[in-house]
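Written below as structure tokens is the structure these notes are about.
The values are calculated or read from the model by the stated rules, or taken from the named source; none is laboratory data. Since the structure is predicted, the reported quantities are computational estimates derived from the model, not experimental observations. All Cβ positions, glycine included, derive from the backbone under ideal geometry; neighbour counts span all protein chains shown. We work out accessible area using only protein heavy atoms, side chains counted, and drop any ligands, DNA or RNA first. Shrake-Rupley method; radii C 1.70, N 1.55, O 1.52, S 1.80 Å.
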Amino acid sequence: MHMVLHLADVPPQTLPARSMMAFTLATHIILVPMGVALPLITLIMHGYGLRRGDATALLLARRWSAVMAVQFAIGVVTGTVLSFEFGLLWPGMMGRWGDVFGIGFGVEAWAFFLEAVLIAIYLYGWRRLPSRAHFLLGLPLPLTALLGAFGILAANSWMNTPRGFILDSAGNPVDVNIWKAIFTPMFGPEYWHFVFAMFVTAGYVVAGVYAVGWLRGRRDRYHRLGFTVPFTLAAVCTPVQFVLGDSIARQVFHKQPVKFAAMEIVWKTDTHQPEYLFGRLHPNGTISGGIRIPQLDSILAGFHAYTKVDGLTSVPANDRPTATQATIAHWAFDTMVGIGSLLVLLALWYAAMWLLRRRLPGTPWFFRCAAVAGLASVVAVECGWIATEVGRQPWIVYQNMRVAQAVTATRSTSLWITFGVVVVVYVFVFGSFLAVLLKMRSRWRLADRAGGPLPPKETPETDTPETDTPYGPRSSRSRL
């Protein structure tokens, strides 16, 4: 049961509501990779330190756990704002469909609660719990982070491929099947693609900090270990993520052909479709700019040139993204794929040097690329969400409810004012977050200098930067 809605009927509240949602989502997604993957990276370093009796690894794990706690606090704030926005900005969707897909938000809320408790215990455990007990208490942390991702991805995948209900005569969902609503056709591909994207992004972001230190001449074991562990995790996950990305694109081709057409700016349904690298789609179906590769789009979609790819004109104009929206989704998709391809090359460079020579690449260009890889990964994550959400337009629930039908009735002026307030608050919140991180970095550097190289007669079991362990009694020149 579909309601025909012409562009002239789009409420004025739609633009400010979408702008506010896009802004808060784009800022929140910056924190998500660290929230999902940093607990795992920290525990890998923690386990390595315990197994090898390596005080440097334990020191890094303890410092990363402090960053993890600060990041989690900010993430809770931005995530809570997003949760409220679903109800305040899109009451039409939540009022009609909340009973169907709301379980995902419930799962995420429980995951947030459990993660907060576990982070508090983990932070408290340094120097207060036996080392093995402390490590074991931290092991559930990555699982709760994955559970939170499970909840939000279940909700999003349902919005892309809604299942688990039937519509009554009034168009309202009844006879809800929760399991079908959670495990939709897009859930598996979207969830694993997202999770590995978080591992890749967090790994490169953390490693990038130590790559910058390496370029600035800090060649000690602290920086080497701080770089190697997260970068290795990211490098291992990068080719897996690339394969998962190809898999989810193929699922979009089968389950959401109009979105696929927008992402690839395919105008008319046909075989032997060319692939455009970037380029701009015009309302009349012509494409300007970009690089045209004959037949490649059909080959990528179905492994041969005779694969038929549905075009945007396969559905009425009111049921598909506009030419501008398709171009935005296409550019975001191509940017994400381009960054992913470069990261695969970086991972192969690292793997080749490690397998052949058992050492890190020695050229500064490798560390320059590694320093940029974290920022590039964040850009790729942002582009992935843009392609997913913009490519689904004009639907907020694919083929069941349009964005314009779900938007709030609050006056657009009030929404713009609220949006301005949100921007100001977020600038303050993220500015405070950055200030706290910089303060922590400065304190740690001062501690490292205070611990500095010891005179030759002192033994390494005192409090050098390499051996002051987070377990046991504090030394007189404790570095944390």
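Sort out for me the helices (runs of 4 or more DSSP H) sitting completely within segment 120-205 that have 2 or more residues that are closer than 23 Å to residue 90 by Cα and either of a type in the set (Asp, Glu) or out of contact with any Leu (no Cβ under 7 Å at 6 or more places or on another chain) (or both).
Details: elements: 131-138, 140-160, 178-182.
Ranges flagged: 140-160, 178-182.
Residue 41 meets all of the listed conditions (1) of a type outside the set (Ser, Thr, Tyr); (2) open to solvent by 20 Å² or more (accessible area, probe 1.4 Å); (3) within 17 Å of residue 233 (Cβ to Cβ); (4) in contact with a helix residue (DSSP H, G or I) (Cβ under 8 Å, 6 or more places away or on another chain) but one, namely (2).
Give me a count of the residues in segment 352-384 that are of a type in the set (Ser, Thr, Tyr) and surrounded by 21 or more Cβ atoms within 10 Å (Cβ to Cβ). Give the derivation first.
Pass one, segment 352-384, residues of a type in the set (Ser, Thr, Tyr): 363, 377.
Those still in the list that are surrounded by 21 or more Cβ atoms within 10 Å (Cβ to Cβ) too: 377.
Looking only at that region, the number is 1.
Considering every residue within segment 83-94, establish whether at least one is among the hydrophobic types (A, V, I, L, M, F, W, C) and either loosely packed, with under 15 Cβ neighbours inside 10 Å or not in a helix (DSSP H, G or I) (or both). Quick ask: steps written out before the conclusion?
We begin by selecting, within segment 83-94, every residue among the hydrophobic types (A, V, I, L, M, F, W, C); these are 84, 86, 88-90, 93-94.
Cutting the leftovers down to either loosely packed, with under 15 Cβ neighbours inside 10 Å or not in a helix (DSSP H, G or I) (or both) gives us 84, 90.
Scanning segment 83-94, I find at least one residue that is among the hydrophobic types (A, V, I, L, M, F, W, C) and either loosely packed, with under 15 Cβ neighbours inside 10 Å or not in a helix (DSSP H, G or I) (or both), so the answer is yes.
Criterion applied to 157, 131 was being open to solvent by 30 Å² or more (accessible area, probe 1.4 Å) and in contact with a Phe, Trp or Tyr (Cβ under 6 Å, 6 or more places away or on another chain), and the one residue passing it is 131. Looking only at residues of segment 261-274 that are of a type outside the set (Val, Ile, Thr) and open to solvent by less than 30 Å² (accessible area, probe 1.4 Å), we find that the one that is nearest to the chain's Cα centre (by Cα) is 263.
Any chance you could count how many residues in segment 386-411 are of a type outside the set (D, E, K, R), open to solvent by 40 Å² or more (accessible area, probe 1.4 Å) and either farther than 24 Å from residue 324 by Cα or at pLDDT below 90 (or both)? Full working, then the answer.
Initial filter on segment 386-411 (of a type outside the set (D, E, K, R)): 386-388, 390-391, 393-401, 403-410.
Then keep just the ones that are open to solvent by 40 Å² or more (accessible area, probe 1.4 Å); that gives 386, 399, 405, 409-410.
Of the ones still in play, those that are also either farther than 24 Å from residue 324 by Cα or at pLDDT below 90 (or both) are 399, 405, 409-410.
Going through segment 386-411 one residue at a time, the tally reaches 4.
Evaluating residue 349 against the criteria (1) of a type in the set (A, V, I, L, M, F, W, C); (2) crowded, with 21+ Cβ neighbours inside 10 Å; (3) over 29 Å from residue 167 (Cβ atoms) leaves one unmet condition, (2). Answer with yes or no whether residue 232 is of a type in the set (S, T, N, Q), under 30 Å from residue 440 (Cβ atoms), assigned to a helix (DSSP H, G or I) and open to solvent by less than 30 Å² (accessible area, probe 1.4 Å). Criteria not met by residue 232.
Residue 316 meets all of the listed conditions (1) without any contact (Cβ under 8 Å) to a residue 24 or more places away in the chain; (2) closer than 25 Å to residue 22 by Cβ; (3) of a type outside the set (A, V, I, L, M, F, W, C) but one, namely (2). Among the residues of segment 212-221, just one is part of a helix (DSSP H, G or I) and either of a type in the set (D, E, K, R) or surrounded by 24 or more Cβ atoms within 10 Å (Cβ to Cβ) (or both), namely 221.
Is segment 335-345 home to any residue that is open to solvent by 70 Å² or more (accessible area, probe 1.4 Å) and either basic (Lys, Arg) or touching a residue at least 60 places away in the same chain (Cβ under 8 Å) (or both)? No, segment 335-345 has no match at all. Report yes if residue 49 is surrounded by 21 or more Cβ atoms within 10 Å (Cβ to Cβ) and either of a type outside the set (A, V, I, L, M) or modelled with pLDDT of 90 or more (or both), otherwise no. Judged against the criteria, residue 49 is a match.
Quick check on this structure: which one of 373, 387, 406, 329 is over 25 Å from residue 37 (Cα atoms) and under 18 Å from the mean Cα position of the chain (by Cα)? Reasoning before the result, please.
Values: 373 fails: over 25 Å from residue 37 (Cα atoms); 387 fails: over 25 Å from residue 37 (Cα atoms); 406 fails: under 18 Å from the mean Cα position of the chain (by Cα).
329 is the lone residue from the list that is over 25 Å from residue 37 (Cα atoms) and under 18 Å from the mean Cα position of the chain (by Cα).
Of the residues 243, 258, the single one that is surrounded by 15 or more Cβ atoms within 10 Å (Cβ to Cβ) and not in a strand (DSSP E or B) is 258.
Select, from 145, 111, 133, 116, the only residue that is within 20 Å of residue 437 (Cβ to Cβ), of a type in the set (A, V, I, L, M) and without any contact (Cβ under 8 Å) to a residue 60 or more places away in the chain. Give the steps one after another, and end with the answer.
Values: 145 fails: without any contact (Cβ under 8 Å) to a residue 60 or more places away in the chain; 111 fails: within 20 Å of residue 437 (Cβ to Cβ); 133 fails: within 20 Å of residue 437 (Cβ to Cβ).
On inspection, the qualifying residue turns out to be 116.
Which residue out of 335, 324 is hydroxyl-bearing (Ser, Thr, Tyr) and either in contact with a strand residue (DSSP E or B) (Cβ under 6 Å, 6 or more places away or on another chain) or within 30 Å of residue 231 (Cβ to Cβ) (or both)? Steps first, please.
Values: 324 fails: either in contact with a strand residue (DSSP E or B) (Cβ under 6 Å, 6 or more places away or on another chain) or within 30 Å of residue 231 (Cβ to Cβ) (or both).
After ruling out the rest, the residue left standing is 335.
Residues that are closer than 19 Å to residue 48 by Cβ and not aromatic (Phe, Trp, Tyr) within segment 108-126 comprise just one, 125. Suppose the filter is farther than 17 Å from residue 374 by Cβ and touching a residue at least 60 places away in the same chain (Cβ under 8 Å); does residue 185 pass it? For residue 185, the condition - farther than 17 Å from residue 374 by Cβ and touching a residue at least 60 places away in the same chain (Cβ under 8 Å) - is met.
Number of residues in segment 299-319 that are in a loop (DSSP other than H, G, I, E, B) and open to solvent by 40 Å² or more (accessible area, probe 1.4 Å) equals 6.
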